[in-house]
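The values are calculated or read from the model by the stated rules, or taken from the named source; none is laboratory data. Everything quoted here is computed from the prediction, not taken from an experiment. Because the Cβ atoms are built from the backbone with ideal geometry, glycine has one as well, and the counts that use them run over all protein chains shown.
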Amino acid sequence: MDKIVIEGGRRLEGEIRIAGAKNAALPALAATLLCPGRFAFSNVPDLKDVDTMTELLKVMGADVKKEGGGVVTVDTENLTADCEAPYDLVRTMRASCLVLGPLLARLGRSRLSLPGGCAIGERPINLHLKGFQTLGAEISLEEGYVNASAPDGLSGRKVYFDLVTVTGTENLMMAAVGAKGTTILENAAKEPEVVFLAEMLNKMGADVRWAGTDRMVIVGGKELRPAEISIIPDRVETGTFMAAAAITGGHLRLAGCNPSHVEAVTLKFAEMGCKVAEGRDWLEITGPKRPQPADVETNPYPSFPTDMQAQAMAVLALADGASVVTESIFENRYMHVAEMWRMGANITLKGKNAFVHGVEKLSGAQVMATDLRASASLVVAGLAASGKTRVRRVYHLDRGYEHIEEKLRKVGAKIFRQRDKNPK
């Protein structure tokens, strides 16, 4: 197991190219199960979660080839008879549940071990299963597996999500394109990754309307075909490098991003004293001498994303004043706070609120990553801390950031990866 070692206190300056979005690539790869044929993807990020999804597709009989440079081809002409998503693959990644919808649509059946992922709170797939049942699927839970079947096919219906769910919206979208008739998804997620999946499905021949609004309409039963797809830029990686510039007083040009996808993040960093300029596919950010305090509340898109909460808190830990961070999405997403305490941060937790009292400096320490975005926040904090910061259990980081230490090193960070001889 590896650890990341950072010698902080260096101002970052230069250009970083943003990778394709993990949260767009995973549902796009799952969507290849909807019809037979050869799909070609470009701008696919080199990540552990993407590897897990491609291995899952292989288990189901797909022929997957990584051709380098972000190019991946998937041939789903022949699927295995059972198409089971086994525990050993599913346990590390919640997004593996995205195979349920397309398999139900194409084969009328699917079997999935209940998924795992980051320990950031309850993220049950009951909303997915309830939606499948509304479309006519039969669902049973046996020995840790979800068994879904639709022997008579799926039928279009109105589905209302009690809570906004990104993966639930994506799963039901894919199931609905194979259903007879029209499906309406009420209280649907509006994230850019959801819109991207809808555009991919339409390119395949589906009829998905009004993606990006809270009422999506899918006219099912259309003949589907493979497509060539380019994965959209990763907005969370974009935001994470914005935080790196903000906390070091640096200047970064982020190339190949989509500034319209990070508007809430951009506005919040501007409130912290950053200067931001942007174009069609680039963004430049200059951090202040010392960040200004700002209150942050996470909510579904287009509000401030929960996946940027920990990185923003790292910046606010050095702000000239007090800030309040409110986590409204997940109930257990403050596990990075205990590690920031070790670095000298002054943060008080009370329910869903974190009261962040900015300190003049952070000190390098040995810290442990508890989830994907917590990992990123500790790296961000380490960039500004005096002395050495050692971030352990960085396998979380590798699930969502493509070669992060290499990208940071190119813009002036002193950061390297080291084998952890005592990973516990």
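Data overview
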{"item": "Residues (of a type in the set (Gly, Ala, Ser) and in contact with a strand residue (DSSP E or B) (Cβ under 7 Å, 6 or more places away or on another chain)) located in region 261-312", "result": "264, 270, 277, 294, 312"}
{"item": "Cβ pairs under 9 Å, 6+ apart, first in region 2-18 and on the phi > 0 side of the Ramachandran plot, second of a type in the set (D, E, K, R) and in a strand (DSSP E or B)", "result": "9/414; 14/253"}
{"item": "Of the criteria (1) of a type outside the set (A, V, I, L, M, F, W, C); (2) more than 20 Å from residue 394 (Cα to Cα); (3) at pLDDT below 95, which one residue 49 fails", "result": "(2)"}
{"item": "All strands (runs of 3 or more DSSP E) inside region 314-424 with 1 or more residues being surrounded by 24 or more Cβ atoms within 10 Å (Cβ to Cβ) and either in contact with a strand residue (DSSP E or B) (Cβ under 7 Å, 6 or more places away or on another chain) or modelled with pLDDT of 95 or more (or both)", "result": "322-326, 353-357, 366-368, 388-392"}
{"item": "Flag for residue 79 being surrounded by fewer than 22 Cβ atoms within 10 Å (Cβ to Cβ), in contact with a Leu (Cβ under 8 Å, 6 or more places away or on another chain) and of a type outside the set (Ser, Thr, Tyr)", "result": "yes"}
{"item": "Subset of region 151-186 (residues that are part of a loop (DSSP other than H, G, I, E, B) and surrounded by fewer than 16 Cβ atoms within 10 Å (Cβ to Cβ))", "result": "151, 152, 162, 163, 181"}
{"item": "Looking only at region 12-48, and only at residues there that are among the charged types (D, E, K, R) and touching a strand residue (DSSP E or B) at 6+ places or on another chain (Cβ under 8 Å), the one that is nearest to residue 258 (Cα to Cα)", "result": "17"}
{"item": "Residue in region 22-53 that is surrounded by the most Cβ atoms within 10 Å (Cβ to Cβ), counting only those that are under 17 Å from residue 228 (Cα atoms) and among the β-branched types (Val, Ile, Thr)", "result": "32"}
{"item": "Subset of region 66-98 (residues that are at pLDDT below 95, closer than 20 Å to residue 175 by Cα and β-branched (Val, Ile, Thr))", "result": "80, 90"}
